[in-house]
Structures are given as structure tokens and as C-alpha cells.
Amino acid sequence: MASTSSEPAVVHAVAGALGGCVATVITYPLLAKSARAANARRRAGGKPEQETETTDPANGEAQSLPRSIPSIPSIPSIPPIPSIPSIQSVVQSYTGLSASLFGTTVSQGVYFYFYSLLRSFFVSRRGAEAPSVVESLGIASLAGMANVLLTNPIWVVATRLQTLSGGSPAASSSSSSPSSSPSSSSSPGSTHHDGAISTGQGPSKSKKSPRRHSRPRAAVSNLQVIKSVYADYGIPGFWNGCGASLIMVVNPTIQYAIYEWLMARTQRRNRRAPSTLHVFFCSSVAKAGATLLTYPMLTIKTRMMSARRDQQYRGVGDAVSSIYRREGIRGYFQGIETKILQSILGASVLLMIKEKITMGVKARLLLAGR
């Protein structure tokens, strides 16, 4: 009998982990794109904090131009027909997938395990058939906090890899080797506004190190990112952004509140049972609303996890004030469109697969018990 009480928790943990992995694989390009957009620090006018580049025809090297130089207007032409993405671009969009898959597996497993365990403990102590809505939200919040505290180091590495993927200018300027010491990140040409790994090769004569576009960018491994975080911060660096992540635990609570409000409002107009399409629509709107309300905190978490030491905020409060002062309200919502789409697709796939696996395991257990 002792084992049966722990079986539901294990089933929910495995089902949540498998569902999370499938959802991550399907939506990873959107996830990485939104992370890079959230991590791009801009001035209040909307321009990114970096210089434009052009190619020197003499040697084929990239040269930096200040943004104050106006560009020559081009002759209007017919827009090109969108081409099919190449295999290389598709593969590049999945850079850092292994770390995110590992983080998703552990996070979903930890969350659903603690949620099922806490719920079973609550029911056994109270003797009630099921906890109330408020009690369920409290249990979910406790499980989410345990998940954040245990898995934050994994997501620090995964977030840095997401912000380095996609072939963005900042990403392409990163080297395949991490900086050997925190002081190396302050040398010219080695500090990046998106938390990219610095070259650690010291200053050069030009303001920005030249790069050849024909040379493919070397991939950054998980171990190199781990070494870079440790060189910048030591062990505490793997819990950067933990405060913002703990605040974001309220996301499911907001989503549930919006969902219940929408369902109650529609059921007052229509007495019939809601259809599957209607439930999916209300769930999607609720997820989009919760993402919109908590996205500023997600932006702060992404930047704190991926920032180098000389660009790190002193805390969540300092991040809120700094972003507003330098970038305005728009700075909190960079990449929000992509993130809403990714959140809706990811949540739908996760819950669908989790329910299918859970129902299948329960059916087999019932057949085995007969």
C-alpha cells in the first residue's frame, strides 16, 4: 500500500516530462527567438545598443559604422519570393536544444512530482476528497517554487545558449571558448550586450574585432557556458534570475483565474456544455493573458540569467528601473508576440500528451489489478 501512494506522483512526473520534451522540440525555434528578443538591450528610441556593420570590399571583413551616418536610399524593387529554409538554418535554430530538453525533463518531472506528492499529503491530512480551487493553486505555487530552486542552474545554461543561437550579430561574435576570468569581459571587443561568451583575447587596435562572414561560427557547448558562468560569478551565478523566476510562479494562477472568468461568462449566455473548441479557445486566451502580464518579469529573468558580470543588474528592482530608464515600456515586451505563440502551442502539446500518457498508465494499472 505504501507504494501505491507514490505511484501517481511518479506517473505524473514521467508524463509531464515526456510531454514537456515533445512540446520543447516542436516550439524550440520560437522559444529561442523570443529569448534573443527579450535579451536585446535597446535605447529608449528603439535602436539596439550596438553598431551597424558593413563589409570592406578590399578584404571582405566586417567594419563598424556609427549609426549617425545615414544610409544611401535604395531603389525600390520587387520583394523576393520567400525561399525554403535550408537545412543549415533549421539546424542552427535548434542550437542549445539539448540543454533545454534536459531542463524541461527535470523541471516538468520535479514540478508534477512535488504537485502530486503535496496534493496527496494534503488530502491524507484533511481527509477530504479533493482540495478546493484556492488550495490547489497554493499547492501548485509550492511545487513551482521547489522546481525553481532546484532547476535554476540548468536554466541559466539553457538561457545563455538560447540567446547565443539563431545567428544574430551578437551571437556570431561569440567565441567557442569562454573567458578565463571575469576581468577579461571588460576588454574592448569582448563585452556583448546579450551575455555572449567573450573571446578573452584582450583588446585589439580597432574599436571592434574584424570578422569574416565566410567563416562559420563555432558552436558553444554546454560545458563552455558552465565554465563561463563560473568564471564570472562562481557557484552563486547559477542562481542568477532566481528571484524573478520565483515571482513568475504566479503565472499559472493568473492563467487559471482568466480561464475561469471566461468560462463563467460564456456559460451564463449558453446553458449547454462547452465544446472542445470552446475550451481550447478559452485556454489559449487565458495562457496569452497570463503571458502578457508576466512577460516583463520573464524579460528580466532572461537578462539576469544571460548577462555578463559587468552588465548584471543588482536585483529585480534595479532591473525594473534600469530597463524603464534606458528603454521605456517597450523594453519589457520585446519578443512578446513570439512568446505568446510559443506558450499557447507548448502548453497545448504538453497537456495533451501528459493526459494521454496518464490515462494509458492508469488503464494498464487497473487491468493489472484485476
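Checking each residue of the stretch 223-243 against the condition of being open to solvent by less than 30 Å² (accessible area, probe 1.4 Å), under 30 Å from V133 (Cα atoms) and in contact with a Ser or Thr (Cβ under 7 Å, 6 or more places away or on another chain) gives no match. In the stretch 249-257 there is at least one residue that is within 18 Å of P153 (Cα to Cα) and in contact (Cβ under 8 Å) with a residue 24 or more places away in the chain. Kindly establish whether T338 is touching a His at 6+ places or on another chain (Cβ under 9 Å), surrounded by 13 or more Cβ atoms within 10 Å (Cβ to Cβ) and β-branched (V, I, T). Against the criterion (touching a His at 6+ places or on another chain (Cβ under 9 Å), surrounded by 13 or more Cβ atoms within 10 Å (Cβ to Cβ) and β-branched (V, I, T)), T338 does not qualify. Looking only at the stretch 303-315, residues that are closer than 22 Å to L31 by Cα and in a helix (DSSP H, G or I) come to 4 in all. Of the residues making up the stretch 110-131, those that are among the hydrophobic types (A, V, I, L, M, F, W, C), open to solvent by less than 50 Å² (accessible area, probe 1.4 Å) and within 19 Å of A17 (Cα to Cα) are V110, F112. Candidates L350, L365, L345: the one that is in contact (Cβ under 8 Å) with a residue 60 or more places away in the chain, under 23 Å from G96 (Cβ atoms) and either open to solvent by 40 Å² or more (accessible area, probe 1.4 Å) or hydroxyl-bearing (S, T, Y) (or both) is L345. Residues in the stretch 264-277 that are outside any helix (DSSP H, G or I) and either at pLDDT 80 or above or surrounded by 13 or more Cβ atoms within 10 Å (Cβ to Cβ) (or both): P274 only. The one condition from (1) under 19 Å from K33 (Cβ atoms); (2) assigned to a loop (DSSP other than H, G, I, E, B); (3) over 18 Å from the mean Cα position of the chain (by Cα) that R330 does not meet is (2). Would you check if I300 is part of a helix (DSSP H, G or I), aliphatic (A, V, I, L, M) and closer than 30 Å to G138 by Cβ? Against the criterion (part of a helix (DSSP H, G or I), aliphatic (A, V, I, L, M) and closer than 30 Å to G138 by Cβ), I300 qualifies. Tell me, yes or no, whether the stretch 278-285 has at least one residue that is open to solvent by 60 Å² or more (accessible area, probe 1.4 Å) and in a helix (DSSP H, G or I). Among the residues of the stretch 278-285, at least one is open to solvent by 60 Å² or more (accessible area, probe 1.4 Å) and in a helix (DSSP H, G or I), which makes the answer yes. The single residue among S165, S174, S107, S100 that is more than 20 Å from P252 (Cα to Cα), of a type in the set (G, A, S), modelled with pLDDT of 85 or more and open to solvent by less than 30 Å² (accessible area, probe 1.4 Å) turns out to be S100.
For D318, the test of being in a helix (DSSP H, G or I) and either without any contact (Cβ under 8 Å) to a residue 12 or more places away in the chain or open to solvent by less than 30 Å² (accessible area, probe 1.4 Å) (or both) is passed.
The values are calculated or read from the model by the stated rules, or taken from the named source; none is laboratory data. Predicted model, so just to flag it, every value in this text is computed and none were measured. We place every Cβ from the backbone using ideal geometry, glycine too, and count neighbours over all the protein chains shown. These area figures cover heavy atoms from the full protein model, side chains too; ligands, DNA and RNA do not enter into them. Shrake-Rupley method; radii C 1.70, N 1.55, O 1.52, S 1.80 Å.
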